[in-house]
Amino acid sequence: MALRSTLFIFLAAFLIPASTEARGESIRVSDGVYCVGRGNWGRLKALSDPQDSNVYLISGGDELALVDTGTGVGIEQILSNLRARGFDPNQLKKIFLTSAHFDHSGGVIPLLEQFPNLEIYAGEPEVAPLRDSDAGYLGYSLLSSMPTLEPIRVSHTPSDGEVIRVGRVSVTALRVPGHTPGATAYLAEVAGQRILFTGDTAIGDQPVGKGILGTLDGHWRSNVTDLDNSLRRLFHLNAEIMLPGHGRWFKGRRQVQENLQHCQWRLDFLLRIPDVETLLMIGEAPDPR
Ligand SMILES: [Zn+2]
């Protein structure tokens, strides 16, 4: 258990704020993309509830989409941040979840109460845990002071490579299993730039360490071999901006590639540990007989 805790610290990180163009409680990433919610992970200044994931807004003109939603506790702040940027929440049409984890998906519940026609996108393996309020899979037990779990309805399970329109913006869903089986990255072409939303598959360099990865755990069926393949795939996408599920983001193709490379080095290090699946408690449970 002590070794496992050490690895948890090894994979997680505490960060300092990145310098960005902030206005009110949101930050412009590029034309048409904003960070409208964020927790205090890594000691960043929270833009919404302290336990929220990063929440990004994609503006495609007459349609808006969010990538992840935070826990739900901060949803009114997120909507207020959006309005302060001059956007109308009634134009929100789609939610893209990078995983089922509650700090990313919990906001779907209050959002659907206000906007019942929202389309919710997630990888197919995430559907049942979200529907069944599977607390272990959703990482719910890691969070305190959260609202009661309610079923979350996914309306779309994009196939790998499926292109989804958000107004004039094209968003490609990319299945990147590893952190969870249904982990999904999204690659958006916005104002001529390739913007990659990596969720917790690759969080990247942060002040306390290079190549931070999302926590791996048996509760959400992490798989290091799948993660290895997924990271290699992200590296070859030649994205110009990388927006992770927590922490600061990265601009410039070289920066993005360096960060993904550092994630790969960190995983390579893990993969050299004998029987790493048992150490991380992510392998198949042994037959008790
Ligand atoms: Zn997360």
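Quick rundown of the values:
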quantity	calculated
Residue list for region 105-140, filter: part of a helix (DSSP H, G or I), closer than 21 Å to residue 214 by Cβ, touching a residue at least 24 places away in the same chain (Cβ under 8 Å) and not β-branched (Val, Ile, Thr)	105, 124, 125, 126, 129, 130, 140
Residue count, region 178-191 (criterion: farther than 15 Å from residue 240 by Cα and either out of contact with any Lys or Arg (no Cβ under 8 Å at 6 or more places or on another chain) or surrounded by 22 or more Cβ atoms within 10 Å (Cβ to Cβ) (or both))	6
Considering residues of region 91-110 that are in contact with a strand residue (DSSP E or B) (Cβ under 7 Å, 6 or more places away or on another chain) and of a type in the set (A, V, I, L, M) only, the residue nearest to residue 48 (Cα to Cα)	108
Answer residue from region 207-240, given it is more than 16 Å from residue 267 (Cα to Cα) and in contact with a helix residue (DSSP H, G or I) (Cβ under 7 Å, 6 or more places away or on another chain) and is nearest to the ligand (Cβ to nearest atom) among those	239
Strands (runs of 3 or more DSSP E) wholly inside region 29-103 that include at least 2 residues being of a type in the set (Val, Ile, Thr) and away from the ligand (no atom under 16 Å from the Cβ)	33-37
Residues that are surrounded by fewer than 18 Cβ atoms within 10 Å (Cβ to Cβ) and part of a helix (DSSP H, G or I), drawn from region 234-261	235, 253, 254, 255, 258, 261
Only listed residue being closer than 22 Å to residue 56 by Cα and not polar (S, T, N, Q), chosen from 129, 125, 177	177
Residue 175 vs. criteria surrounded by fewer than 22 Cβ atoms within 10 Å (Cβ to Cβ) and either more than 15 Å from residue 99 (Cα to Cα) or touching a helix residue (DSSP H, G or I) at 6+ places or on another chain (Cβ under 7 Å) (or both)	no
Residue in region 2-11 that is at pLDDT below 85, of a type outside the set (A, V, I, L, M, F, W, C), under 20 Å from residue 197 (Cβ atoms) and surrounded by fewer than 23 Cβ atoms within 10 Å (Cβ to Cβ) present	no
Test: residue in region 139-157 that is more than 17 Å from the chain's Cα centre (by Cα), within 15 Å of the ligand (Cβ to nearest atom) and surrounded by fewer than 24 Cβ atoms within 10 Å (Cβ to Cβ)	yes
Condition met for residue 123 (within 16 Å of the ligand (Cβ to nearest atom) and in contact with a His (Cβ under 6 Å, 6 or more places away or on another chain))	no
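The values are calculated or read from the model by the stated rules, or taken from the named source; none is laboratory data. Computed from a predicted structure; not experimentally measured. Don't worry about glycine lacking a Cβ; one is built from the backbone with ideal geometry, like all the others, and counts go over all protein chains shown.
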